[in-house]
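Below is one structure; the comments refer to it alone.
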Amino acid sequence: MLRSSTIFLGQWLLRSKKPAGLRRSLSQADKMSKAVQADRLEGIDKNPWVEFVQLANEYPSVNLGQGFPDFAPPDFVQEAFQKAVSGDVMLNQYTQAFGHPPLVKKLSQFFGPLLGQELVPQRNVLVTVGAYGALFTAFQALVNSGDEVIIIEPYFDCYEPMVRMAGGHPVFVPLRPRVTGGGELFSSQDWQLDPEELASKFTPRTKAVVLNTPNNPLGKVFSQEELGLLAALCVQHDVVCISDEVYQWLVYDGREHVSIATLPGMWERTLTIGSAGKTFSVTGWKVGWVLGPDRLLKHLRTVHQNSVYHCATQAQEAVAEAWEREMAHQGQPSSYFVQLPQAIQQKRDRMVRGLLSVGMRPVISQGTYFLIADISTFKDKMPDLPGSEEEPYDSRFVKWMIKNRGLMAMPVSIFFSSAEKRNFDHYIRFCFVKNEATLQAMDEKLQAWKEAETDF
């Protein structure tokens, strides 16, 4: 009633010709003198994805930039969702706040043996709004103002702003490519951490380290030896590890994904993050999870219950059904986790051949949806692309490529800290998890590019 009365009064004042002073007061109320933006948003309001997607829409392009599959998920996953939507009427209502019981049960049963732990659904599993929500919840729950959080770069671009929003101070340590022969193709495994440089980043203020394996955008799958180095430092300095493992089922060339939580001393200090979006090719469902010890997860549950509180029931039910099916086929040729990487590896190899044909130098990814390509030869041939000198070369190159070649990628410099952007501005990232029509369109664009020799 009060709200209706307020609206009526405002409308009357705006229509009235007599109370000009009141009308001015009402108008001035729209112009608040106090700052409305929270300090924690300072410097993180710009999003590079918006700019490049808009440009690709303006100049119709083959979208090889955004990381999502443009093909349908497997039939059993679609059927699970249809069943959830049309079945039990209670699936239209709230479920348990920290995870739909069937889903947390399946996650516990499946991941417990993989992690070498007996997972208790109510204590060791939290379902979140995608892995994105898991990351945000983790940073908000564990990072205090002034805490340092080590981020390995290149990094998924949300890590830095999320750490800053929590009041933390990001500390960066880069993976660096080894020097190779001029004609030699090299792999994401050739990008390594310097052990001394990594160790130097740990201080008494270090609260957490963020690990992403397989790594987006590089496609690197960290080896047991590399994880052991990181684990030893975490134990030595009593640091939490936030391990983003959403691409764990997308590894290629016989590589093996290892969860750092399985290493000595790491279970009690590790949050392992996963995603149904990447696992079952349903990124729009936004179902993610965090696995870990109760001593850590209880703090994430506090953030969760005071923010989103609850995730979509039907999507969780469908993911639970999908896990049920996968558990019955685990390790067999019929398993989706066996079939998907085999199919995706062929798409990767196809893209590698195409990029080589136009003079790029792909870095063969060991996992994920992505590979990066070295564009140094273009930097030599076309050094003066349009744009500000302050803008990294890879960003200007992607804009040129969208406008002139009809292909969209993402500049790799956006996945690096400001101190390293210039050192890595000769790489761009492509997504190869696309359907046949998209890849055919890519082939055609690359063939036309190859034939346009006079444009350099």
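The values are calculated or read from the model by the stated rules, or taken from the named source; none is laboratory data. Computed from a predicted structure; not experimentally measured. Methodologically, a virtual Cβ is constructed for each residue, glycine included, from the backbone with ideal geometry; neighbour enumeration extends over all protein chains shown. Surface areas here come from the heavy atoms of the whole protein model, side chains and all, with no ligands, DNA or RNA. Shrake-Rupley method; radii C 1.70, N 1.55, O 1.52, S 1.80 Å.
Of all the numbered requirements in (1) in contact (Cβ under 8 Å) with a residue 60 or more places away in the chain; (2) closer than 25 Å to K286 by Cα; (3) surrounded by fewer than 23 Cβ atoms within 10 Å (Cβ to Cβ), Q117 misses one, and that requirement is (2). Among the residues of segment 388-408, is there at least one that is in contact with a Leu (Cβ under 7 Å, 6 or more places away or on another chain) and charged (D, E, K, R)? Checking segment 388-408: at least one residue is in contact with a Leu (Cβ under 7 Å, 6 or more places away or on another chain) and charged (D, E, K, R).
Here segment 35-51 is the region considered, the condition is being assigned to a loop (DSSP other than H, G, I, E, B) and either loosely packed, with under 13 Cβ neighbours inside 10 Å or small (G, A, S) (or both), and the residue that is farthest from the chain's Cα centre (by Cα) is A35. Every listed requirement among (1) surrounded by 10 or more Cβ atoms within 10 Å (Cβ to Cβ); (2) at pLDDT 80 or above is met by R24 save one, (2). Of the candidates A80, A56, the single residue that is at pLDDT 95 or above and either out of contact with any Lys or Arg (no Cβ under 7 Å at 6 or more places or on another chain) or in the same structural domain as F430 (by the TED database) (or both) is A80.
Filtering segment 312-331 to residues that are assigned to a loop (DSSP other than H, G, I, E, B) and either modelled with pLDDT under 95 or open to solvent by less than 10 Å² (accessible area, probe 1.4 Å) (or both) leaves Q330, G331. Scanning segment 189-245 for residues that are of a type in the set (A, V, I, L, M), assigned to a loop (DSSP other than H, G, I, E, B) and open to solvent by less than 10 Å² (accessible area, probe 1.4 Å) yields a total of 3. Restricting S395, S418 to those that are within 22 Å of the chain's Cα centre (by Cα) and open to solvent by less than 40 Å² (accessible area, probe 1.4 Å) reduces the list to S395. Checked against the criteria, K450 counts as more than 21 Å from I151 (Cβ to Cβ), of a type in the set (D, E, K, R) and open to solvent by 10 Å² or more (accessible area, probe 1.4 Å). With the requirement that a residue be outside any helix (DSSP H, G or I) and surrounded by fewer than 22 Cβ atoms within 10 Å (Cβ to Cβ), what does segment 120-152 give you? Within segment 120-152, V120, V129, N144, S145, G146, D147, E148 qualify. Checking every residue in segment 428-445 against the condition of being over 25 Å from N47 (Cα atoms), open to solvent by less than 20 Å² (accessible area, probe 1.4 Å) and not in a strand (DSSP E or B) gives at least one match.
Taking segment 52-91 as the range and being surrounded by 14 or more Cβ atoms within 10 Å (Cβ to Cβ), part of a helix (DSSP H, G or I) and not β-branched (V, I, T) as the test, the residues that pass are F52, L55, A56, F76, Q78, E79, A80, F81, K83, A84, L91. Tallying residues that are farther than 30 Å from V258 by Cα, at pLDDT 95 or above, touching a helix residue (DSSP H, G or I) at 6+ places or on another chain (Cβ under 7 Å) and not in a loop (DSSP other than H, G, I, E, B) within segment 367-411 yields 10.
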